[in-house]
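Heads up: the structure comes next, in structure tokens.
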Amino acid sequence: APAVHAQPAPMVLKMQTSWPSSDIWMTFAQQYVDRVEAMSGGRLKIDLLPAGAVVAAFQVLDGVNDGVIDIAHSVPVYWYGKNKAASLFGTGPVFGGSATTMLSWYYAGGGQEFYRELTQDVMGLDIVGRLGFPMPAQPFGWFKKQVNAVSDIEGLKYRTVGLAADLLQSMGMSVAQLPGGEIVPAMERGVIDAFEFNNPSSDMRFGAQDVAKNYYLSSYHQASESFEFLFNKGLLEDMDPDLQAILLHSVEAASTSNTALAMDNYSADLQKLQDEGVEVHRTSKDILAAQLEAWDKLIPTLEEDSFMKRVLDSQRAWVERVTYYELMNSPDYQLAYEHYFPGKLKL
Amino acid sequence: MIDAHVALMMLGIFIILVFLGFPVAFTLMALGIGFGYYAYFDDGRMWRAFNRLAEDSDTLTSAITWFEGAFNNRIFDLFINQTYTVMSNEVLTAVPLFLFMGYIVERSNIVNRLFSTLNVAARNIPGSLGVAALVTCALFATATGIVGAVVTLMGMLALPAMLKARYDKSFAAGIICAGGTLGILIPPSIMLIVYAAASGVSIVRLYAGALLPGLTLVGLYLLYIVCRSMLQPKAAPRPTKEEVPEVPLPKVLWMLATSFFPLAFLILSVLGSILFGLATPTEAASIGALGGIILAASYRALTFDRLRESVYLTVRTSAMVCWLFVGSYTFSSVFSYLGGEHVISEFVSGLDLTPLQFLLLAQLIIFLLGWPLEWSEIIIIFVPIFLPLLPLFDIDPLFFGILVALNLQTSFLTPPMAMSAYYLKGVAPPGILLTDIFKGIMPFLFMVIVSMVLMYTFPQIVFHLPDLFYGAR
Amino acid sequence: MIRFIEFADKLSAWFGKAFGWLIILMTLGMSYEVASRYLFNAPTTWSLDVSFIMYGTMFMMGGAYTLSRGGHVRGDFLYRLWKPRTQGMVDLVLYLFFFFPGVIALIFSGWKYAARSWGYGEVSVNSPAGVPIFQFKAVIVAAGILLFIQGIAQVMRCIMCIREGYWRNAEDDVQETEELLMKQGVAKSDGS
Ligand code: NA
Ligand code: NA
């Protein structure tokens, strides 16, 4: 009789995100899951769960550390209450580098070792982390009325996260940090009266356009973020080396497919929002300049911490060299766009 | 045995334990942890440190490491995580504040003023005493948000007054029981906050949604009182001048201005600031509590003893509600981890029900649960079992929540555990029998059912205000 | 045993009541936030954090107090028909199997959770005000310890009840209006 190859039961891992099930980022996380399952030839299976399925959105780090969940799909800024340095991995000061510049710093400029030092040595966590998907710069967000000057945003109760919260607080806003799924209910309850989350698709899916009509693109508050994948360290180390490699390298693989998905969806949804009557603006030069000044004031306070100082020095040196090359080398894309689609851009 | 069967066993054991009368919060915690230990049992993970231990380590070290391994089950971390999630739940922060407001208002001597004023103001309406009693109940129940105090206070105040005016005793008792139960429906109801926390439905949408159904029910009650008084004057005779003195209009207005309007204003400002997004429910509740304190002080009813009592009762009732959440969060996450939720939804979708049949079945079960259980247990533990089924039948959880709030009105009013009736019986004059009370309640129960049918036929009664204030979903 | 029960009742009540006063702070704090926001256009940065810290601390620390006064909700429609001795026996078994595991987990796992947070000096991420929350996580452990002590007292209560045939309840305390009025009502009709 022909030998029947008994397929061993797959190892099932639980992966929880910090996003509500309706967020497009669940699809981004699914791309990661698909890659892991395909590459492992069925030896790994991942149960993908939305925020709150096991632990709350902001508690995924505790969850992975304790092994309540095996993998988390989140952003470092969500746990910056445990250590402020977390927000340097994606939501730090903008020296001029994009998310791609900073993700390159993570993989090639020493960022990954800093991250490991922070989580494992400084904080003693039982986790391994990886960053992936360089996010497009995050819009300044959603406002009920037009905001043009800095004085227009003073006193507004605004939702953002991480150092961006410190930044906008110093510009006179009153800042609350909430998970994405709680933004619209918070607007309805009056907890906040303006907010940013991340991108046109996510924003549209949780109904931003129902509670505010002015959408401001371009901002320095979070211009270089990426996703964070958290793995339980003990679990990872007990796995076969090839499966470990699949779990870790799939972060890099999903990064490219995530970028494509983002470009397609974010742009289409921006148009949809405009069709639905949302007024899309670019954030005023006045506010952008004030943001840079606010960063100027914030950076020295961060640098009082020796670990943060080392990270910031490393990032600054990286941006100074790399972005010089990027900007010097980059052709004027705007010129080409105007050439082929004249009169469309309103910058 | 597959895990889904284990989940059903967990639910079964839970129900048995509830029947044995052990405090439910701890039963839930224990079952969550016990079954969670099974669900998350993972010897590779739990005894990883033990397995890595070198062969030559001494017996004591290995024993300790093994023992630590036994407690290295992730259920314990999950349990603490869920506990913290309840502790940091923003929606529930409004619960102690609304309770506090209620306790303060209860002790502010306002009921007497309110009832005598409304009596005078309504004196020319048929069934005036009954109308005044119902409006007092409704307003007071709305401000205090829970049953109990309203029924007993009114039972001591309005019931003797109505009996003295030769009201039919069942009719009089029914009015107080039904009116006193309205607090769990009309916002700012504490029950709706708890439903919001259990279901994830926005609390402000729930409040907006409950407003018209609440007013509809009050309207139906009033309609019944007035019509019955006109058709059967013997049941509700016009009060004599000695019973309700004739008071000149300016004096009536003054009485209204000092008793009715301050409380009405307090409730409206709390509710208005929530609905118009001027304040979060928590902030509005704090304003309400502060307003209640000021109101009580202005009636010279605020003593340190009363404040202290209110504080202590607030902490006890908050602990009662919130510890239930601590238990149920852990219980239900283990239950769904074991696939319990899935098996129930498979079973229900296999029944091939129409949405109406499902709705009727669900409401019937909730009605029956209302016999042995209190509203807090029903909302926190049993309603979440129905919630994942709602999408199967395309039923909005907001709509479902309001129906449940209406339904629970009945559970306070029907035997065997008709709390409203028992409270009233406890303070009523000896001549009033429980059967009199139940007889009086029947027509009001009918009105509740009428309002549920109305809501089902015209869902706009629920959706109109939330859609208007916050946009259609 | 009686001494211990009294001690536990007093301890639980003291902590529950002491932390109950947080409701006043909460009322004033949230009202201040609203006033500050609308009168001075200066919303506070701390109100959200402070509100849930106070709420969470209050109900957690009130758990043992509520237990000592029999305030935790129970499905008692059968229970209250039984003789006290039967109640005591059932309760005794259920306390041992269904009370202590959860409470001990609160203490030990809560300790692990709180100690870690304490180690980072964790602050809330809700606002840049950086309101500390590590002490708030320690409340889990404190609440667990209070419940554990009260639980032992409850077990002793059960044993005494089985022996004596009646419950030794905690001494009189504040009561709900309806309980109070109903008691008065009963007293009145007994008198007449
Ligand atoms: Na953002
Ligand atoms: Na009932």
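The values are calculated or read from the model by the stated rules, or taken from the named source; none is laboratory data. Computed from a predicted model, the values in this text were never measured in an experiment. Glycine also receives a Cβ, built like all others from the backbone with ideal geometry; neighbour counts cover every protein chain displayed. Just the protein is used for accessible areas: all its heavy atoms, side chains included, with ligands, DNA and RNA removed. Shrake-Rupley method; radii C 1.70, N 1.55, O 1.52, S 1.80 Å.
For peptide C:44-54, the mean count of partner chain Cβ atoms within 10 Å of a residue's Cβ comes to 5. Residues whose amide H falls under 5 Å from that of A:Gln222, counting only those 5 or more places apart or on a different chain, are A:Gln138, with hydrogens built in the peptide plane. Within a straight-line Cα-Cα reach of under 20 Å, A:Lys272 can be paired with the following aspartates and glutamates, leaving aside sequence neighbours fewer than 8 residues apart in one chain: A:Asp23, A:Glu196, A:Asp203, A:Asp210, A:Asp264. Applying a threshold of 27 Å to the alpha-carbon distances of B:Lys164/B:Lys251; A:Lys84/A:Lys285; B:Lys164/B:Lys425 flags A:Lys84/A:Lys285 as lying beyond it. Taken over the range B:90-468, the percentage of Cα pairs per 10 Å bin, counting from 0 up to the bin with the maximum distance, is 5, 24, 33, 25, 10, 3, 0.
Computed over the range A:162-257, the percent of Cα pairs more than 24 Å apart is 42.
What number, rounded to the nearest 500 deg cm²/dmol, is the helix-based mean residue ellipticity at 222 nm of chain C, given -39500 (n - 2.57) per DSSP H run of at least four residues and division by all its residues? Don't jump to the answer; show the numbers that get you there.
Details: 8 runs with 141 residues, N = 192.
Here the helix-only value at 222 nm equals -25000 deg cm²/dmol.
Loop-located GluC sites (Glu not before Pro) across the range C:111-192 with a Cβ neighbour count of 15 or fewer within 10 Å are C:Glu171, with loop assigned by DSSP. The angle between the Cα long axis of helix B:261-275 and the main principal axis of chain B comes to about 40°, on a 0 to 90 degree scale. Put a plus charge on the Cβ of each Lys and Arg, a minus charge on the Cβ of each Asp and Glu, and nothing anywhere else: the dipole of the protein assembly as shown about its Cα centre is then about 3880 debye. Sorted largest first, the principal axis extents computed over the alpha-carbon atoms of the range B:323-376 equal 36, 28, 14 Å.
Look at the dipole of the protein assembly as shown built from charges on Cβ: of A:Trp295, B:Ile203, B:Asn81, the Cα furthest out on the positive end belongs to B:Ile203.
Counts of other chain beta carbons within 10 angstrom of each beta carbon in peptide B:275-282 average 6. Volume per residue for the range C:1-77 equals 98 cubic angstrom (convex hull of Cα atoms). Within a straight-line Cα-Cα reach of under 13 Å, A:Lys346 can be paired with the following aspartates and glutamates, leaving aside sequence neighbours fewer than 8 residues apart in one chain: A:Glu279, A:Glu338.
Projecting the Cα positions of A:Ala186, A:Ser219, B:Phe325 onto the charge dipole of the protein assembly as shown (unit charges on Cβ atoms of Lys, Arg, Asp and Glu, taken about the Cα centre) puts B:Phe325 furthest along the positive direction. Note: chain C, Cα convex hull, 156 Å³ per residue. For q = 0.14, 0.28 Å⁻¹, what log10 I(q)/I(0) does the range B:175-247 give under the Debye formula with an equal point scatterer on each alpha carbon and no solvent? For the requested q values the scattering log ratios are -0.61, -1.18. What lysines sit close enough to A:Lys233 to cross-link, taking a C-alpha to C-alpha distance under 21 Å and skipping anything fewer than 8 places away on the same chain? Cross-link targets: A:Lys14, A:Lys45, A:Lys82, C:Lys112. What's the long-distance tail for the range C:55-169, i.e. % of Cα pairs beyond 21 Å? When every Cα pair of the range C:55-169 is considered, 47 percent fall beyond 21 Å.
Grab the eigenvalues of the alpha-carbon gyration tensor for the range C:36-77, scale each by 5, take roots, and send me the semi-axes largest first in whole angstrom. Working shown, then result.
On the way: eigenvalues 266, 24, 10 Å².
The answer is 36, 11, 7 Å, longest axis first.
Positive end of the dipole of the protein assembly as shown, charges at C-beta (+1 Lys, Arg; -1 Asp, Glu), about the Cα centre: which of C:Ser127, C:Leu67, C:Phe99 has its Cα farthest in that direction? Of the candidates, C:Leu67 comes out farthest on the positive side. Exposed loop sites were defined as GluC sites (Glu not before Pro) in DSSP loop states (anything but H, G, I, E or B) carrying at most 11 other C-beta atoms within 10 Å; in chain A the longest segment without such a site runs A:1-275.
Taking only the C-alpha atoms, wrap a convex hull around the range A:230-347 and report its volume per residue in Å³ as a whole number. Walk me through the intermediate numbers first.
Numbers: hull volume 26.6 nm³, N = 118.
Convex hull of Cα atoms, per residue: 225 Å³.
The 3J(HN,Hα) values that the Karplus relation (6.51, -1.76, 1.60; θ = phi - 60°) gives for the range C:66-76 are, in residue order, 4, 5, 5, 9, x, x, 6, 5, 9, x, 9 Hz. Gly and Pro appear as x.
To the nearest 100 Å², how much accessible surface do chains B and C cover up together, summed over both, with a 1.4 Å probe?
On the way: alone 21250 and 12440 Å², together 27290 Å².
Counting both chains, the buried surface is close to 6400 Å².
Placing +1 on the Cβ of every Lys and Arg and -1 on the Cβ of every Asp and Glu, with nothing else charged, gives the range A:1-72 a dipole about its Cα centre of roughly 240 debye. The calculated pair-distance distribution of the range B:88-215 uses every alpha carbon pair, bins of 10 angstrom beginning at 0, and gives 14, 40, 29, 14, 3, 0 percent.
Separation of the range B:190-213 and the range C:94-149, taken as the distance between their Cα centroids, equals 30 angstrom. Computed from Cα positions, the angle between helix B:397-413 and the longest principal axis of chain B comes to roughly 60 degrees. Accessible surface comparison of B:Trp254, A:Trp25, probe 1.4 Å, protein chains only, largest first: the order is B:Trp254, A:Trp25. Taking all protein chains as they are arranged and a probe of 1.4 Å, the heavy atoms of B:Trp371 leave approximately 90 Å² accessible to solvent. Pair-distance distribution of chain A: all C-alpha pairs, bin width 10 Å, starting at 0; shares per bin in whole percent are 5, 24, 33, 25, 9, 2, 1, 0, 0. Looking at the range B:2-85, the pairs of alpha carbons with a distance over 23 Å make up 40% of the total. Here the Debye sum runs over all C-alpha atoms of the protein assembly as shown as equal scatterers in vacuum, and log10 of I(q)/I(0) at q = 0.09 Å⁻¹ comes out as -1.05.
Solvent-accessible surface of protein heavy atoms, probed at 1.4 angstrom with all chains present, puts B:Phe335, A:Phe206, B:Phe19 in the order B:Phe19, A:Phe206, B:Phe335, largest first.
Helix B:203-231 and the longest principal axis of the C-alpha atoms of chain B enclose an angle of approximately 40°.
Please report the base-10 log of the normalised intensity I(q)/I(0) for the range B:344-407, using a Debye sum with one equal scatterer per alpha carbon and no solvent, at each q in 0.21, 0.23, 0.28 (1/Å). Log10 of I(q)/I(0), two decimals: -0.84, -1.00, -1.39.
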